[in-house]
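What follows is calculated from the coordinates using simple rules that are stated; it is not laboratory data. All figures in this text were calculated on a predicted structure; none of them were measured in a lab. All Cβ positions, even for glycine, are placed from backbone atoms using ideal geometry, and neighbour counts span all protein chains on display.
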Amino acid sequence: MARYVGPRCRLCRREGAKLFLKGEKCFSAKCPVEKRNSAPGQHGAKRARLSNYATQLREKQKLRRTYGILEKQFRRYYHDADRSKGATGERLLQILESRLDNVVYRMGFAVSRNEARQLVRHKAVVVDGQVVTIPSFQVTAHNIIQVSEGSRQQLRVTAALEMAHQQGMPEWVDVDMKNMRGEFKATPERSDLSPDINENLVVELYSK
């Protein structure tokens, strides 16, 4: 499947916000958004006033790039959220948060969602005793996620857990760092997620 392979910091600069795509670098002074918060390119510093449509589009792109989702799949997630009970925007965020690669990242087994996706693809993640190699696998409440025996000595996993210990973990996961094992306690509520996301703009965009 096609996937963006260019500079990830460029995506953060384009959206004018930290998308946390580069792990430890995002929390350091080396973060390009901290150094120059302007869009990439020759005319990046000239931020034009955005129309309503452009504002909605940028919010959608920001959300899609944060979770590393391609357009076709993101649109499918939106339609799934629209058909389910509850607020469409909140359900969309919950579906994205329940992806296996995102849960692996939230549990601190990887420094970024991209690295978490690699771990899943390389058979390094076990869900309820079974190896799962599909990053988009939907994790449900009380699923047990752990790093496979053969992957526990990987330096990137131990380094990620160290960083997660310093940064803290969300309340909807319970992680045993010593055994590299965690429980997805429940789907997060909207109040648990970042207030920087305006999912209503995404709903407005797709509702047209």
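Ranked by how many other Cβ atoms sit within 10 Å of their own Cβ, fewest first, the residues 109, 137, 74 fall in the order 137, 74, 109. Peptides 78-86, 181-189 ordered by packing proxy, namely the average of other Cβ atoms within 10 Å per residue, highest first: 181-189, 78-86.
Classify segment 99-184: rounded, prolate or oblate, from the alpha-carbon gyration tensor (a ≥ b ≥ c, eigenvalue square roots; a/c under 1.5 rounded; otherwise prolate if a/b is larger than b/c)? Cα axes put segment 99-184 in the rounded bin. Residue order for 96, 201, 119, 155, fewest other beta carbons within 10 angstrom first, comes to 155, 201, 96, 119.
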